[in-house]
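Student: Once you've had a glance at the structure underneath, I'll fire off some questions.
Taken together, the values in this text are just the output of simple stated rules run on the coordinates, not laboratory data. Remember, it's a predicted structure, so these values are computed and weren't measured experimentally.
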Amino acid sequence: MAKEKDIIILLERLLNQSRQDKLMYLNAADKHNLPAYKRFCNQQALYRNSMFNDFSAILSDLAIEVEDVLLKRTDIRQLMMTSIKREKSNLFDKCLTQDLVFKENLQSLIAIDVSERNQGLYSKQLLKINACIEDNEFFSQEMATKELFSSGL
């Protein structure tokens with residue numbers, strides 16, 4: 001029973017994090033000027049939305065009302081309110097930090113939820129997160145190089 005409770009806690013955490021990360025990537029897409037960056041951020045937002053739906057389905061199978069899980073967390077309207085001004089910090093660094101936390105939680109879930117059906121789903125999500133982390137690291141370094149180059153002019 002304690003194992004099932006741990007699984008539910010991690011699923012709820014990942015559900016909420018995937019929702020927040022989707023909004024984070026959508027906001028990052030709005031703040032980037034380059035099409036490649038916008039495309040990457042929008043694609044990641046779609047992945048997070050898909051993950052949100054996957055976690056919702058698993059929680060529903062466990063007889064957990066997803067609405068109850070979402071109501072315990074920050075209001076989504078509050079998360080969506082952002083300023084349009086350009087941030088000076090590297091947005092890829094922020095996304096990378098969040099993705100690393102997401103990966104850690106997902107790996108914890110993989111370790112305790114051994115159901116065959118869910119393991120396949122978690123493995124696909126882990127592959128997407130790992131690819132995203134690599135891309136975020138690349139884009140972050142690229143942004144830092146561009147900032148360094150532009151400040152030297």
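Student: Convert each backbone phi in the stretch 112-124 into a coupling constant with the Karplus relation 6.51 cos²θ - 1.76 cosθ + 1.60 (shift: θ = phi - 60°), then list the ³J(HN,Hα) values in order as whole Hz, x for Gly and Pro.
Tutor: Along the stretch 112-124, the couplings run 9, 9, 9, 5, 4, 4, 6, 4, x, 5, 4, 5, 5 Hz.
Student: Moving to a separate point now. Working out 0.36 nm times the residue gap between E137 and D6, then minus their Cα-Cα distance, what length gain in nm do you get to one decimal?
Tutor: 44.1 nm
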